[in-house]
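Right, one structure below, let's go through it.
Laboratory data are not the source of any read-out in this text; all were calculated from the coordinates shown. Quantities reported herein were computed from a predicted structural model and do not represent experimental measurements. Here the Cβ positions follow ideal geometry from the backbone for every residue, glycine too, while neighbour counts run over all protein chains shown.
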Amino acid sequence: MESDLIKIYDAAIKQIEASNSLNDLNQLKSKYLGKKSAVMAFMKKLGQLPQEERPAFGQKLNEYKNKIYQLIADREIKLKELDYKKSLETDTIDLTMPGRTFQRGSLHPISRTMREIEDIFISMGFDVAEGPDVEDEFHNFDALNTPQDHPARDLSDTFYVDKDVLLRTQTSTVQIRVMENHQPPIRIISPGSCYRNENDASHSPMFHQVEALVIDEGVTFVDLRDMLNVFVKRMFGERIESRFRPHFFPFTEPSAEMDIICVKCYGKGCNLCKGSGWLEMGGAGMVDPNVFKIAGIDSEKYTGYAFGLGIDRIAMLKYKIPDMRLLFENDLRFLKQF
Ligand code: PHE
């Protein structure tokens, strides 16, 4: 029987040494050591041997089995080494291949402008407040001292969701919400979306405003004027002057509209400012005592100013965007420029 084992072992050595791949080696492993292998068949025969021969043959069998295991393990290391060497010789890295490009997103010009505006006001001690886009008539009109028959309330100007529910037409709604919940001193800005029933190259049914509200003892129109001046210079550059024109808003008294000197022609008159030399920026004024009364703030003790600026307009000037509709079409060829 031992001679049979030796024969098997000799054959195993030859085949294992000659194997050229890990795959071949695996097949040899099951051929010589697997359940159906000749070596295992000997294991089964062990039981049929006379009692006294069993230990010695069992030992021999184990010896050969282990030797074959060792042969296979050694060959495996060898083959892996050979594989590795071969891959070093044949695998090449082409350093001239173009790299994989990553598509990076970027902020929408409106978001960028909003963040820039927020940064400027935050650096001057303002907090950022928010209010809902879907509002009630009270916060959008009544509390802002807007008469029942004011044209802005008309369906042709305002999107109504329900009888008393609408899409806010201005961020001034947030003034009321802040005053309802806080006593002065108040110093907030509130950027966000607004909605009006209009649509052309300079008006979009959804647009953005940033509201500001400052209330404290002794706040004056001069503070308002100064704050806006500082803002436009930080936003558009030191050369930019601003001016106030008398205006009317139901919730401020006195009220004004603010213009800045044309960022393209610096006042000479061009196509951007339609020859006037000035560009409209937004509305402003001192908070009307009626609004204080509705919101529960003592108008004998406190005064305050508010203003609302068009963010889309600022973005268009900042990034030289000629048509407001470009901002909301989400054409990638446009957006990728930012
Ligand atoms: N809410 C006004 C508008 O949309 C702007 C404004 C804000 C005016 C604050 C005065 C004070 O036109």
message: Helix-only estimate, please: 222 nm mean residue ellipticity of the chain, summing -39500 (n - 2.57) across DSSP H runs of length 4 or more and dividing by its residues, to the nearest 500.
response: -12500 deg cm²/dmol
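Which value, in debye to the nearest 20, describes the size of the charge dipole of the range 109-335 about its Cα centre when Lys and Arg Cβ atoms bear +1, Asp and Glu Cβ atoms bear -1, and nothing else is charged? Show your work: numbers first, answer last.
Numbers: 24 positive and 36 negative charges, 241 e Å.
So the magnitude is around 1160 debye.
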- prompt: Check Thr158: other-chain or 5+ apart residues with amide H under 5 Å from its amide H, H built from backbone geometry?
  reply: Asn197
message: Just want to confirm a number: the relative contact order over the chain, from Cα pairs under 8 angstrom separated by 6+ residues, in percent.
response: 14 percent
statement: Sorting Ile110, Pro132, Ser156 by the position of each Cα along the dipole of the chain (Lys, Arg +1; Asp, Glu -1; all at Cβ), the one nearest the positive end of that ordering is Ile110
message: Please compute the modelled spin-label separation between Phe248 and Lys78, points set 7 Å along Cα→Cβ, answer in nm with one decimal.
response: 10.4 nm
Extension gain (nm, one decimal) between Arg54 and Lys163, 0.36 nm per residue minus Cα-Cα: 29.1 nm
field: Computed E for Ser30/Lys85 - FRET, C-beta separation, R0 25 angstrom, nearest 0.05
entry: 0.40
- prompt: When a footprinting reagent is the concern and you count Cβ atoms within 10 Å, what order do Val174, Val263, Val134, Val222 take, fewest first?
  reply: Val222, Val134, Val263, Val174
field: Loop-located GluC sites (Glu not before Pro) in the range 192-229, at most 16 other Cβ atoms within 10 Å (DSSP)
entry: Glu198, Glu217
Relative packing of 255-261, 100-106, which averages over residues the other C-beta atoms within 10 Å, highest first: 255-261, 100-106
- request: Just check the range 65-211 against the gyration tensor rule for me: Cα atoms, a ≥ b ≥ c as the square roots of the eigenvalues, rounded for a/c under 1.5, and otherwise prolate or oblate depending on whether a/b exceeds b/c.
  value: prolate
Peptides ranked, highest mean first, by Cβ atoms within 10 Å: ranges 303-310, 37-44, 314-321: 303-310, 314-321, 37-44
task: Of the options Ser204, Gly218, Gly283, report the single residue whose Cα projects farthest towards the positive end of the charge dipole of the range 196-334 (beta-carbon charges: Lys, Arg +1; Asp, Glu -1).
output: Ser204
- prompt: In degrees between 0 and 90, to the nearest 10, how far off the longest principal axis of the chain does helix 2-18 point, with axes built from Cα atoms?
  reply: 40 degrees
message: Which of the three applies to the range 240-338, rounded, prolate or oblate, going by the alpha-carbon gyration tensor with a ≥ b ≥ c and a/c under 1.5 meaning rounded?
response: oblate
message: Please give the Cα centre distance for the range 20-83 versus the range 114-160, rounded to the nearest Å.
response: 85 Å
statement: For His247, other-chain or 5+-apart residues with amide H closer than 5 Å (H placed, Pro excluded) are Ser255, Ala256, Glu257
query: Taking 0.36 nm per intervening residue step and subtracting the Cα-Cα distance, what contour gain separates Asn20 from Ser106 on full extension?
result: 25.5 nm
- prompt: Can you put His208, His182 in order, fewest other beta carbons within 10 Å first?
  reply: His182, His208
message: I'd like the orientation of helix 54-90 relative to the chain: the angle between its Cα long axis and the longest Cα principal axis, in ° from 0 to 90, rounded to 10.
response: 50 degrees
query: What are the residues whose amide H is under 5 Å from the amide H of Thr252, where those residues sit 5 or more places off or on another chain and H is modelled from the backbone?
result: Asp288
query: Taking θ as phi - 60°, what are the ³J(HN,Hα) couplings along the range 203-217 by the Karplus curve (6.51, -1.76, 1.60), each to the nearest whole Hz, with x for Gly and Pro?
result: 9, 10, x, 10, 9, 10, 10, 10, 9, 10, 9, 10, 10, 6, 6
- prompt: Rounded if a/c is under 1.5, else prolate if a/b beats b/c, else oblate: with a ≥ b ≥ c from the C-alpha gyration tensor eigenvalues square-rooted, which is the range 109-335?
  reply: oblate
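Just want the ordering: Phe248, Phe221, from fewest to most Cβ atoms lying within 10 Å of their own Cβ.
Fewest to most other Cβ atoms nearby, the residues stand as Phe248, Phe221.
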